[in-house]
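The next block holds one structure in the form of structure tokens; read it before the comments.
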Amino acid sequence: MPFGHDMVHSLATVVELVNTSPATGGDEGLPGLAELQAFVESREVSGIGKLTARDLAQVRAVREAFHRVFTAPDQPTAVHTLNSLLSSTRITPRLTEHDGHPLHVHYFAADSSLAEHLAADCGVALALLLVEGEGERLRTCSAPDCDHVFVDESRNRSRVYCDSRTCGNRMHVAAYRARRRA
């Protein structure tokens, strides 16, 4: 399935957001407002004013809902979880060009909080993936010591590690060493 620029960006944003959660096997990636601001800047989230502690709490809640979508045991559970999250947003699709990006669609209302912005844009991207029958592309890393999530964008849906340079390479080296010992 070829992904357009909007979808690629939204899916990468939701993956990066979910992987800040301690539920993915690491430390809290959003411990404070400075880290939340860094996330907003790195993902080029537009139209966001001054962040508050309330924003941080809301984004963490949205993050955990997205994590439940990625780790859902089946598609009906993922759909239910995503529908619950989307129903809490004021989805207002509009075309926009900004910050040097080509024409694209924003799904959040103009006065949305950061959490609502992320829930709408990233939630719609995940919804479109599910509608296209591509829910199996939402994965958790197969490395035994990693619980990061990712979207498998490979043509043959064969990706099993969140990052081939870290988890994938580490697992391949371990398999090679195990074969050498045998």
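Evaluating HIS106 against the criteria (1) closer than 17 Å to GLU16 by Cα; (2) in contact with a strand residue (DSSP E or B) (Cβ under 8 Å, 6 or more places away or on another chain); (3) open to solvent by less than 20 Å² (accessible area, probe 1.4 Å) leaves one unmet condition, (1). Filter segment 124-137 down to the residues that are touching a residue at least 60 places away in the same chain (Cβ under 8 Å) and out of contact with any strand residue (DSSP E or B) (no Cβ under 8 Å at 6 or more places or on another chain), then identify the one that is most open to solvent (accessible area, probe 1.4 Å). Among them, the one singled out is GLU132. One residue stands out in segment 59-89 among those that are charged (D, E, K, R) and open to solvent by 60 Å² or more (accessible area, probe 1.4 Å): the one that is nearest to GLU16 (Cα to Cα), namely ARG60. Take the conditions in contact with an Asp or Glu (Cβ under 9 Å, 6 or more places away or on another chain), free of Cβ contacts under 8 Å to residues at least 60 places away in the same chain, among the acidic types (Asp, Glu) and open to solvent by 60 Å² or more (accessible area, probe 1.4 Å) and apply them to GLU97. Does it pass? Taking the combined requirement at face value, the residue does not satisfy it. For ASP111, indicate whether it is loosely packed, with under 14 Cβ neighbours inside 10 Å, more than 17 Å from the chain's Cα centre (by Cα) and either modelled with pLDDT of 90 or more or on the phi > 0 side of the Ramachandran plot (or both). Here the answer is no, as ASP111 does not meet what is asked. For first residues located in segment 27-54 and more than 21 Å from CYS146 (Cβ to Cβ) and at pLDDT 95 or above, partners that are in a loop (DSSP other than H, G, I, E, B) and open to solvent by 40 Å² or more (accessible area, probe 1.4 Å) and lie 6+ apart or on another chain with Cβ distances below 7 Å form the pairs VAL40/ILE48. Inside segment 138-179, residues that are open to solvent by less than 60 Å² (accessible area, probe 1.4 Å), of a type in the set (S, T, N, Q) and either touching a Gly at 6+ places or on another chain (Cβ under 7 Å) or assigned to a loop (DSSP other than H, G, I, E, B) (or both) make up a count of 1.
The values are calculated or read from the model by the stated rules, or taken from the named source; none is laboratory data. From a predicted model like this one, the values you see are computed outputs, not experimental measurements. Cβ sites come from the backbone with ideal geometry, for glycine too, and all protein chains shown count toward neighbours. Quick note on the areas: whole protein, heavy atoms, side chains included, nothing else; ligands and nucleic acids left out. Shrake-Rupley method; radii C 1.70, N 1.55, O 1.52, S 1.80 Å.
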